Each structure stands twice: as structure tokens, then as C-alpha cells.
1. I need a count of the residues in the range 223-259 that are more than 15 Å from the chain's Cα centre (by Cα) and either assigned to a loop (DSSP other than H, G, I, E, B) or buried (at least 20 other Cβ atoms within 10 Å of the Cβ) (or both).
2. Would you check which residues across the range 57-93 are under 15 Å from the mean Cα position of the chain (by Cα), outside any helix (DSSP H, G or I) and more than 19 Å from residue 159 (Cα to Cα) and list them?
3. Being at positive phi and touching a residue at least 60 places away in the same chain (Cβ under 8 Å) narrows it down to one residue among 68, 103; which is it?
4. Mind checking which residues of the range 57-84 are touching a helix residue (DSSP H, G or I) at 6+ places or on another chain (Cβ under 6 Å) and either more than 18 Å from residue 41 (Cβ to Cβ) or modelled with pLDDT under 95 (or both)?
5. Restricting to the range 1-56, give me the number of residues that are farther than 20 Å from residue 69 by Cβ, at pLDDT 50 or above and assigned to a helix (DSSP H, G or I).
6. Please return the ranges of helices (runs of 4 or more DSSP H) entirely within the range 98-180 where 2 or more residues are more than 25 Å from residue 88 (Cα to Cα).
7. With respect to residue 202, determine if the residue is crowded, with 21+ Cβ neighbours inside 10 Å, in contact (Cβ under 8 Å) with a residue 24 or more places away in the chain and more than 19 Å from the chain's Cα centre (by Cα).
């Protein structure tokens, strides 16, 4: 598939209605949680998530780092995928999270129990994670509460042996949404947290009054970030299936696209501006 086709697919995913996904119907969750064969993306980075929800493993001799836990029912599959690749669960030392919604934080408690790893998260998302629900949102499902072992701040480097991941706070979708930056085999990689509105109340939000301002600050921040590889936490958000097919066809740089982050940010900001105007006009979040 050409870069143009992948870009079009990504924009379609960004523009698609998000309310059904946020409602997390049984049908949606089954679709997200379909099995997916784990594989190596590049260097010591592996995809260990489900067909619809991404989870990533960075491996090293000093231990491994797992990023994101998907749904509660996804945890056994993520664990099995790690083992299928030949890695031991007990060697996962750190778990990172991109934001505190059930489809990303739901499996964390089980994965912590299976691995014994420490969970690192932002102060903004810690209350949600430890409560097992997204505070102030009634349209999102609860999930098993999980203890945050260490807080991370903007710009902090999380290190495990040679693995280095820099926290980039990108709030708006949640108060503590966090993207992660690293370098693999000479390429800059961003594990980008969601920057879609996705039902967030932007006007008169008593629980999160700075939501709109946070989105605007996040867009400004991400415009200054350069990344060769853009990774997302929903498979359709970055053309996972198409890129894997290209990788399987023998193109080692299938995931390399230095322009993808900028395109996603531009499309998301456009959607945000439209949604903010709609809510200011008195319409409910969509």
C-alpha cells in the first residue's frame, strides 16, 4: 500500500464517529480484542497487542518495558504474545501507560500481577488509574483499579539498561495523557497518546476545566516534535495492518514515515476546532 493510501486510511480513522467506541459495547470490545500475531517492528521493539488495541514491548538484557494494557480482557492475550515471542513475563520490569481509559488501562492490574512490574504514570492520570474509572466521565466503562508505583513528569527520562523513553505530557484527551519518545536503530519513535476529543466536554467542564486549553497546548507542543515512526494505540489510527503487510513483504522501514505525526496532528486539530465551536454553540460533546 502506498504512503498516500496509508495516510488516507489514517485520516478516515480520525474522522470516524467515536461515540460507539467510547460506549464500549460488547460488539466493539470483541472486535478490539480479536487475537493478533505478535511481531517485531524494528530493533528491540515488538507489537504484542490485540487486533484493535496496541501494546508494545521494548526488550533488553536488563529487563523489558511494556507500554499500555488495553482492555481487562486483553491482558491474557498480551501476556501470551510476550511469551510467544520468547520473552519471560518476569523480565518485564516497567509498565507505561498512554492514558487512563478502559481500552488502554483496563489490563494493567492483571499485567502487573503477572509480571511483577512497576507502573509509571503521570500525576494527571493517577487518580483515574487508582480509582479504576475515568473521573468525570459517565460514558466510559470502569476497569480494575491499579496502583501507580512512580509518577512521571514532562520531559522525564525513564531508563532501564540501554532503553530510554522520554515522557511527553500531551493532555486533553485525559488530564495526564502521555506520549513517549525513544530512538531505535537511528530512527526517532513516538508512541503517541490520543489527541482526539472523543466525547470530552470542552466547555463548562467542572471536572476538567482546562480541557480545551490543554488540547490547544498539546497541538502546539506536538507540532515541534520530529518523529520518523508514529505509533498509536488503536490499530486503525496508524494503519497497523497495512504497514505490517509491507513489513512482511520485506520492507524493513515499513513503519518509517517522517510526515505522519504532522498529518495526524493537523487532522486532529481541525476536528478539535470544529468540535469546540459546536460545543460553544450549545451542542453536546460528540
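1. Kept after step one, since they are more than 15 Å from the chain's Cα centre (by Cα), are these residues of the range 223-259: 223-228, 241-259.
Still in the running and either assigned to a loop (DSSP other than H, G, I, E, B) or buried (at least 20 other Cβ atoms within 10 Å of the Cβ) (or both): 224-228, 243, 249-255, 257-259.
Looking only at that region, the number is 16.
2. 69, 70, 71
3. On the way: 103 fails: at positive phi.
One residue alone meets the criteria, 68.
4. 63, 69, 71, 75, 79
5. Residues meeting the conditions: 1.
6. Working: elements: 102-105, 108-115, 126-131.
In the range 98-180, the matching helices (runs of 4 or more DSSP H) lie at 126-131.
7. Details: crowded, with 21+ Cβ neighbours inside 10 Å: yes; in contact (Cβ under 8 Å) with a residue 24 or more places away in the chain: yes; more than 19 Å from the chain's Cα centre (by Cα): yes.
Here the answer is yes, as residue 202 does meet what is asked.
Yes/no per residue for (1) in contact with a helix residue (DSSP H, G or I) (Cβ under 9 Å, 6 or more places away or on another chain); (2) free of Cβ contacts under 8 Å to residues at least 40 places away in the same chain; (3) under 28 Å from residue 50 (Cα atoms):
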site	(1), (2), (3)
212	yes, no, no
226	yes, yes, yes
255	yes, no, yes
269	yes, no, yes
282	no, yes, no
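The values are calculated or read from the model by the stated rules, or taken from the named source; none is laboratory data. What you are looking at is a predicted structure, and each value in this text was computed from that prediction instead of being measured. Backbone-built Cβ (ideal geometry, glycine too); neighbour counts: all protein chains shown.
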